[in-house]
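Here is the structure we will look at.
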Amino acid sequence: MLDTLDAQPPDALLALIKMYAADERADKIDLGVGVYRTNEGATPVFRAIKQAEQRLIDEQDSKSYLGPEGDTGFVEVLRPYIFGKDCQLTDRIGGMQTPGGTGAVRLAVALAAKAGVTRIHLGIPSWPNHAQILDDVGVETVPFRHATPEGTADLDAVLGAIRTAGPKDAVLLHGCCHNPTGIDYTDAEWGEIAKAFAETGVLPILDIAYQGLGHGMEEDVAGVRIVLDAVPEALVAYSCDKNFGLYRDRVGAFYMMAKEPAQLAAIVSNANALARANWSMPPDHGGAAVRVALSDAGMTQVWLDELDEMRARMRRVRDRLAAADNEVPGLGLAALAQQNGLFAMLPLSKEQITSLREDHAIYMAGSGRINVAGLHAGNTDKFIAALADVTKG
Ligand code: LMR
């Protein structure tokens with residue numbers, strides 16, 4: 001039986017982590033998987049999370065089971081950050097904890113499928129795992145173009161996808177810090193997107209994986225809130241992996257917005273049943289640490305300060321790359337200053353990406369995506385020189 005299975009290639013992005021680790025060159029640069037790095041190239045545990053973990057060790061009195069919804073305190077304490085302190089939709093929105101943002105996306109797609117969705121429109125390029133999850137759940141991916149060659153979001157394409165969607169279609173959008181392009185919709189564009197959703201009744205699935213790493217905690221969810229205020233129902237996947245630095249602890253949340261408050265319990269019960277069949281319940285530790293941190297004003301401020309530092313550092317890297325536009329023409333580096341979050345796409349060929357890795361010890365995704373957080377004062381000049389080298393005529 002099992003011998004009928006064909007070998008699968010390893011996940012390309014995760015395979016890059018191992019390739020980078022095996023490279024012994026001292027000046028190697030990792031621009032692959034999306035983790036934040038400091039100016040020293042480290043990915044430390046957040047100060048606020050360290051404090052929260054210490055309190056958990058001191059005060060946690062049991063590790064007995066929770067339910068498939070996980071730590072409900074964690075789910076509640078995140079709400080105002082995502083939906084706003086004065087959110088008027090609270091009685092229509094229910095949530096649960098998930099294993100990372102991936103678990104939340106998985107649950108969103110599976111719940112949509114259970115409700116009858118057979119196709120999901122997805123802006124391409126997207127995070128490669130989006131299409132894999134859709135495929136694994138058995139939902140068809142319908143691609144539309146996310147960005148124009150000029151480095152702006154393709155508003156016509158997303159509006160076209162929503163307006164031509166069928167009755168069994170949903171549309172999946174990145175809430176902020178688009179992965180892999182860094183190209184987000186403006187608030188005015190979100191307004192048009194919200195109008196299209198409202199007029200068609202198409203189900204939005206909104207994936208927020210980088211809140212706080214673009215322009216700020218409030219700014220980064222402004223578009224999502226514009227959509228939620230306009231539409232009858234929606235699904236929201238959320239990740240704490242990056243904005244709390246909890247990557248391997250797998251911390252995410254999934255929120256469902258019902259048309260009517262009375263419909264919410266039935267919707268949430270379906271998500272609970274799907275979670276039970278998939279992973280039973282999410283790992284507790286990271287979500288509990290977030291709950292502790294966000295329940296304490298002092299720790300919350302430490303966390304917000306850390307996010308400010310991260311965002312400012314990535315802006316400096318983006319500005320430095322944009323200023324090198326003349327040194328490496330043809331890559332559109334100037335546009336990076338207008339883009340958000342960890343990622344940017346460079347129009348490099350497969351050969352150029354291979355040469356960067358083999359000749360310059362610079363690791364990036366095969367799509368041309370770079371993680372700008374992998375760059376800092378000590379390696380950005382080398383990266384720019386390497387780009388000039390592999391692109392020279
Ligand atoms: C990434 O895109 O690099 C991250 O979201 C990590 C992942 O799980 O792919």
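The values are calculated or read from the model by the stated rules, or taken from the named source; none is laboratory data. This structure is a prediction, so every number in the text was calculated from the model and none was measured. Neighbour counts run over all protein chains shown; Cβ positions are idealised from the backbone, glycine included.
A few notes on this one:
- Tallying residues that are in a loop (DSSP other than H, G, I, E, B) and either surrounded by 16 or more Cβ atoms within 10 Å (Cβ to Cβ) or in contact (Cβ under 8 Å) with a residue 60 or more places away in the chain (or both) within the stretch 330-349 yields 9.
- Residue that is farthest from Ala312 (Cα to Cα), among those in the stretch 221-258 that are touching a residue at least 12 places away in the same chain (Cβ under 8 Å), within 16 Å of the ligand (Cβ to nearest atom) and assigned to a helix (DSSP H, G or I): Asp249
- Scanning the stretch 120-136 for residues that are within 16 Å of the ligand (Cβ to nearest atom) and of a type in the set (Val, Ile, Thr) returns Ile124, Ile133.
- Within the set Val117, Val105, Val139, the sole residue that is more than 16 Å from the ligand (Cβ to nearest atom), touching a helix residue (DSSP H, G or I) at 6+ places or on another chain (Cβ under 7 Å) and either within 18 Å of Ala170 (Cα to Cα) or not acidic (Asp, Glu) (or both) turns out to be Val139.
- The listed residues are Leu134, Leu159, and the only one of them that is more than 14 Å from Ala108 (Cα to Cα) and in contact (Cβ under 8 Å) with a residue 12 or more places away in the chain turns out to be Leu159.
- Residues that are among the acidic types (Asp, Glu) and within 16 Å of the ligand (Cβ to nearest atom), drawn from the stretch 1-25: Asp11
- Residue count, the stretch 218-257 (criterion: over 15 Å from Thr102 (Cα atoms), touching a helix residue (DSSP H, G or I) at 6+ places or on another chain (Cβ under 7 Å) and β-branched (Val, Ile, Thr)): 4
- Members of the stretch 372-385 that are in contact (Cβ under 8 Å) with a residue 40 or more places away in the chain and more than 23 Å from Glu150 (Cβ to Cβ): Ala373, Gly374, Leu375, His376, Ala377, Gly378, Asn379, Thr380, Lys382, Phe383
- Glu306 in contact with a helix residue (DSSP H, G or I) (Cβ under 7 Å, 6 or more places away or on another chain) and modelled with pLDDT under 95: no
- Residue in the stretch 259-268 that is farthest from the chain's Cα centre (by Cα), counting only those that are in a helix (DSSP H, G or I) and either surrounded by fewer than 13 Cβ atoms within 10 Å (Cβ to Cβ) or among the acidic types (Asp, Glu) (or both): Ala262
- Test: residue in the stretch 77-85 that is part of a loop (DSSP other than H, G, I, E, B) and either closer than 24 Å to Ile162 by Cβ or more than 16 Å from the ligand (Cβ to nearest atom) (or both): yes
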